[in-house]
Amino acid sequence: MNSQNKPKIPFEKTTNFFAWIAGALILFAAILVSLDILAREIFSDNLFESYEISIYIFAVTVAFSYAYALTTKTHIRIDALYVHLPYIYRVILDIFSCAVISMVAVGLAYYGWLTALESLSFPTNDIWGARSVSDLYVPLVIPQAMWALGLTWFALTSLLFLLKSLYFFSKKDYKSITYLIGIQKREEGDELTEALELTKNEKI
Amino acid sequence: NFANAKDLLNVIGNVSVTTQFKTLQKPFWTEKVPDASGGKIKVNFKGWNEMGLKGPEGLRLLMKGQTQVASFQLGHVSGEHPINDTTDLAGMSPTIDDFWKVTQAFRPTLEKFYEDNFGVKILTMQSFQAQILYCRDPLKSLADMKGRKVRSSGVSQSDFLSAIGASAIPMSFTEVQQGLQKGVIDCAITGTLGGYSAKWWEGANYLYTLPINFAAGVTAVNIKAWNSMDPSNRKIIEDRIKAHEQAMWDLNRSEGEMGILCNTTGPCPEGKPGGMKRVDPSNADMKLLKKIMLETVLPRWAKRCGSECAKQFNNTIGKVTGLSAPTS
Amino acid sequence: MTVIAVILLLLLAASGIYVAAVLGLVSVILGETFSFLPLMPSLGTVSWGASSNFLLVAVPLFILMGEILLRTGIAADMFNALDKWVNWIPGGLMHTNVASTALFAATTGSSVATAATIGTVAVPNIEKHGYGPSLFLGSLAAGGTLGILIPPSISIIIYAFLTDSSVNDLYLAAMIPGFSLAVMFSVAIYIACKINPSLSGTRDKANWSERFRALPHLLPPIILFLVVIGSIYIGIATPTEAASLGVVASLIFGLSRKRINLEVLKRSFEGTMKTTSMVLLIVVVAHFLNFVLQTIGATQFITDFMDNLGLNPYVAIVLIIAFYLVLGMFMEGLTLITVTTPIVVPVILALGFDQIWFGIVFVILIEASLITPPIGINLFVVQAVRGKGEFRDVVIGSLPFLIMMIGMIFLLLLFPGIAMWLPNLLN
Ligand code: NA
Ligand code: NA
């Protein structure tokens, strides 16, 4: 398989973009929490409600990054048995694996939305439904819906991986399946290769 | 052995470190009820913290029928609906007897609300001991609380804290002891014995015995599950639940002053005394608590809960306390 | 039923199915088969509870901190500086490996990050200074595992999350065993090199002026350790808040060296979210599995079963430790923690052991799993960093350190105070 006919990785650019935003938001949360510690020491007060905000940032950014760990093959798989199997079985296991993770992703997304809707439809006196027990009193549907949206993105991405692999399977193009969803890391973007690159020129 | 599904109950109990859990709830659900049924009722019983839950999930799990029976604190679900705060507003009940009256007065309303809106039947309404302040630094009165960081567990407690100029910090129960010890927070609010059991006296030195509220809670059952139970089994629970509820109230009454003694000088049947300095509230502070309740806590709650809620309050709790919530 | 579940779980996991997916699948099967309630509908409520937890916010924060230290070269500078100080001991650079992994461990929460970071800087020296590769590589693989024992530690945070224990107590309890283990690693190197001098390479002894000039490069990790751990114990921060301070401090170090740019940030963000989402998917699903196991009564069943066996607690715990050493050969550390904690910890408590103490024993067992073949993540990482030669070099070279880990576990069994003294003292 030469570089021209490598299959396109589903949503690669978008998941990557989401990861940058997510990381930036985590950094933002770290700064916010640090400022709150400072404010607490100086003015004895929480200025930014960073405790609660950082929780929501965390829940939403992680949900949006599940797909990124999928496209970069970071989700953990153990190959103790796998490596001893003939190639075609490994390909079939890859597809099965992808099917199971899609199922989990769809389940998380579906029940995630149900939880958000449940919060919204709690019979309170305003339209926002259930709220957080805190000074912020945030309508829970807001962070929960964003969280469910991230889970949905994960579900869509994994389903697309599954569909693509099934398509390649029907074409007997097993190499493409291995490239897309096999355990082996793809060459580019590998963390260790990168780490080596980074320090290659460091003098020791 | 699960042949008769009607007889198998999943019960989520209260937080498992409490005496209420250990001496009452656990024996009730794992021994009394199964024994009385001659083994026809099987119970799988765990405290909510043992299930890996954070506290507020109990209500939702009950509504969906994911568990048949659950105990949870009403303050933890005060965000799910403000009506959950009604019986236990900060500053409303000076003594546990006042709190009992308030609870009884509002009980039919809350029961109906739960049945109509959540599909959940309330079996018992309980609480813990009086919720009081554990502080690191000396305090003589509420005026000293200005600027302090206080761990709170509910919307109405937060309203009270903001009114006295303290800042409310949300923190999970298990983090509080270290938080007090290291000064991440200045004070924390919990029951008189609960704080002793969790060793808060290791981090806090001053116990301010002003009773803010009582950590009201319920034990409830999913109605569908309840109705589908074998009637004779249902009766076994019905016949014993009142006495169980009574036992929880009696336990809280006996533990109220005992918890204070345990935290301070002793004698303490639960272990060695905590050695905290006891500070009893002045009459002025009792009045201030009432004033804050009237001017801040009650109106804010009424605004959150809506006019229908406020009317119900006036027709029930209002009758026994003489309080009146603004209805617009 | 539990036995079937565990076998199913291990079989599926070993076949290369995503670990998170296996846990999800097993939860659903158990929940639908052994519970008379369909438990699936609580998936949303329960996983929102796990996903919106302040304690777990520390996970991406620690990873981000490590990424920044790696990508701004602060880690490499630290290695070079430490080298000037410990190089003279027989075993030379290998002590540098252990010392820098220990010091880096004190700033970051991950074993893989520690092994990869220090490994990348250290490996080129094998040939340059003529070391026997195996012990050298072993010192990196094993040293890297200190990342999860010496606080701060992601593994400790996840253990605390799953068992509802105090992170502060666990950190304190890990302190003495963590640094002692680092010293024991150095002793292992010293002994090995005394027995077989060919394992050691040439040592350039640095002079004192070089040493003192190198000192400033040790400041960032020391300051970070003080910020992240100190802020907890002087009482201005919770563990997650401390991690936030650590991120901000490492950002400031990077900025002051003019090594922060958009590219560095982008790469750090990518690395952070990759690892965080990988960890969290497993933790969230394992949390749901925990809920299912509790609801169907499986945990109670196992605890009662162990109780009925009536084993002597010490016999029982030695069996449990042996079980983990074997399981750890085949399972990856995170999976090991998340899958077994809900089942094993109640048993440990029923046997009368302390859950903080066991947390430390457990983390050392996880460390061992990272350097035992066939599946040992740190072995893989070091081999990958090395990029050539035989995998068995790394495996054999890690053995002396594995022995030290097992030794430390037995020390903890005999003298629980090694772990419990600090938390008891400060409480
Ligand atoms: Na560490
Ligand atoms: Na292993």
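The values are calculated or read from the model by the stated rules, or taken from the named source; none is laboratory data. Not measured: the values here are computed from a predicted model. Ideal geometry is used to build each Cβ from the backbone, glycine not excepted, and the neighbour counts take in all protein chains shown. Only protein heavy atoms, including side chains, enter the accessible area calculation; ligands, DNA and RNA are left aside. Shrake-Rupley method; radii C 1.70, N 1.55, O 1.52, S 1.80 Å.
What's the average, rounded to a whole number, of partner chain beta-carbon atoms within 10 Å of each residue's beta-carbon in B:158-164?
Mean partner-chain Cβ count within 10 Å for B:158-164: 1.
Order the peptides C:58-66, B:90-98, B:212-220, A:98-106 from the highest to the lowest mean number of other Cβ atoms within 10 Å of their residues.
For the peptides C:58-66, B:90-98, B:212-220, A:98-106, the packing ranking is C:58-66, B:212-220, A:98-106, B:90-98.
Using Cα atoms only, what is the angle between the long axis of helix C:298-309 and the major principal axis of chain C, expressed in degrees (0 to 90) to the nearest 10?
90 degrees
Please report the buried accessible area for the interface of C with A, total over both chains, probe 1.4 Å, in Å² to the nearest 100. Don't skip to the answer; put the middle values down first.
On the way: alone 17800 and 13630 Å², together 25140 Å².
Counting protein atoms only, the buried area is about 6300 Å².
Please give the average number of partner chain Cβ atoms lying within 10 Å of the Cβ of each residue in C:287-294, rounded to a whole number. Write out the running numbers ahead of the final one.
On the way: counts 2, 5, 1, 3, 7, 1, 2, 9.
Rounded to a whole number, the mean comes out at 4.
Show me the helices of chain A, taken as full DSSP H stretches, that run 30 Å or more along their long axis by Cα and average 1.0 or above in Kyte-Doolittle hydropathy.
On the way: long enough: A:12-43 (45 Å, 1.31); A:50-71 (31 Å, 1.18); A:87-120 (49 Å, 1.37); A:141-170 (42 Å, 1.38).
Helices meeting the span and hydropathy rule in chain A are A:12-43, A:50-71, A:87-120, A:141-170.
Can you sort B:D239, B:D88 by solvent-accessible area, 1.4 Å probe, largest first?
Of B:D239, B:D88, the descending order of accessible area is B:D239, B:D88.
Please report the antiparallel percentage of DSSP beta bridges with both residues in the protein assembly as shown, rounded to the nearest 5. It would help to have the intermediate numbers written out before the result.
Details: 22 of 39 bridges.
Approximately 55 percent, going by the DSSP bridge assignments.
Please compute P(r) over all alpha-carbon pairs of the protein assembly as shown, binned at 20 Å starting from zero, and give each bin as a whole-number percent.
Bins of 20 Å from zero give 14, 45, 33, 8, 0 percent of pairs.
If one computes the Cα centroid of the range B:39-71 and of the range B:95-158, what distance in Å separates the two points?
22 Å
Name the residues of the range A:52-69 whose accessible area falls by at least 40 Å² when all protein chains are present instead of the chain alone, probe 1.4 Å?
So the qualifying set is A:I55, A:F58, A:V62, A:Y66, A:Y68.
Post the alpha-carbon centroid distance, the range B:241-268 to the range B:282-315, in whole angstrom.
27 Å
Out of C:T120, C:T33, C:T372, any idea which swings most in a Gaussian network model of chain C, alpha carbons joined below 10 Å?
Of C:T120, C:T33, C:T372, the Gaussian network model singles out C:T33 as fluctuating most.
Springs between alpha-carbon pairs under 10 angstrom, Gaussian network model over chain C: which of C:A50, C:A192, C:A322 fluctuates most?
Sorting by GNM fluctuation, first place goes to C:A322.
Helix C:93-105 versus the longest principal axis of chain C: what angle, 0 to 90°, nearest 10, using Cα atoms?
Helix C:93-105 and the main axis of chain C meet at about 50 degrees.
Roughly speaking, what % of Cα-Cα pairs in chain C are separated by over 35 Å, rounded to a whole number? List each step's numbers first, then the result.
Values: 24764 of 90951 pairs.
Value for chain C (Cα pairs over 35 Å): 27 percent.
Just the number, please: buried accessible area between B and A, total of both chains, 1.4 angstrom probe, nearest 100 square angstrom. Walk me through the numbers on the way to the answer.
Details: alone 13970 and 13630 Å², together 25650 Å².
Separately minus together, B and A give about 2000 Å² buried.
Peptide A:91-98: average number of partner chain Cβ atoms within 10 Å per residue? Mind showing how you got there, number by number?
Working: counts 0, 0, 4, 2, 0, 5, 7, 3.
Per residue, the average neighbour count from other chains is 3.
May I ask for the angle, rounded to the nearest 10°, between helix B:231-263 and the longest principal axis of chain B, with both axes built from Cα atoms and the value confined to 0 to 90°?
Helix B:231-263 sits roughly 20 degrees off the main axis of chain B.
Please give the per residue accessible area of the protein assembly as shown, computed with a probe of 1.4 Å over protein heavy atoms only, in Å². If you can, show how the numbers build up before the last one.
On the way: 34760 Å² over 959 residues.
For the protein assembly as shown, the per-residue accessible area is 36 Å².
What percentage of the solvent-accessible surface of chain A, computed with a 1.4 Å probe over protein heavy atoms, is contributed by carbon and sulfur atoms? Write down the numbers at each step before the final one.
Numbers: 6400 of 9510 Å².
Accessible surface attributable to carbon and sulfur in chain A totals 67 percent.
For the range C:150-164 and the range C:255-323, what is the centre-to-centre distance using only Cα atoms, to the nearest Å?
Centre-to-centre (Cα) distance: 8 Å.
Which entries in the list C:K84/C:K258; B:K149/B:K311; B:K182/B:K287; B:K54/C:K274; A:K13/A:K185; C:K274/C:K388 go over 23 Å, if you measure between the two C-alpha atoms of each?
Over 23 Å Cα-Cα: C:K84/C:K258; B:K149/B:K311; B:K182/B:K287; B:K54/C:K274; C:K274/C:K388.
Would you rank B:R151, C:R213, C:R259 by solvent-accessible area, highest first, keeping every protein chain in place and using a 1.4 Å probe? Can you show the working numbers first?
On the way: B:R151 15, C:R213 165, C:R259 85 Å².
If we order B:R151, C:R213, C:R259 from most to least accessible, we get C:R213, C:R259, B:R151.
Can you pull the percent of the range C:54-426's accessible area that's carbon plus sulfur, 1.4 Å probe, other chains left in place?
Values: 8270 of 11750 Å².
Exposed carbon and sulfur together represent 70 percent of the surface.
Top mean-square fluctuation among A:E41, A:E12, A:E49, Gaussian network model of chain A, C-alpha springs under 10 Å?
Fluctuation is largest for A:E41.
Count the DSSP beta bridges whose two residues both fall in chain B, then state the antiparallel fraction as a percent rounded to the nearest 5. Display every interim value, and only then the final one.
Numbers: 20 of 37 bridges.
Bridges in chain B that DSSP calls antiparallel: roughly 55 percent.
Roughly what percent of Cα-Cα pairs across the range A:21-161 reach past 17 Å?
Details: 6808 of 9870 pairs.
Of the Cα pairs, 69 percent sit more than 17 Å apart.
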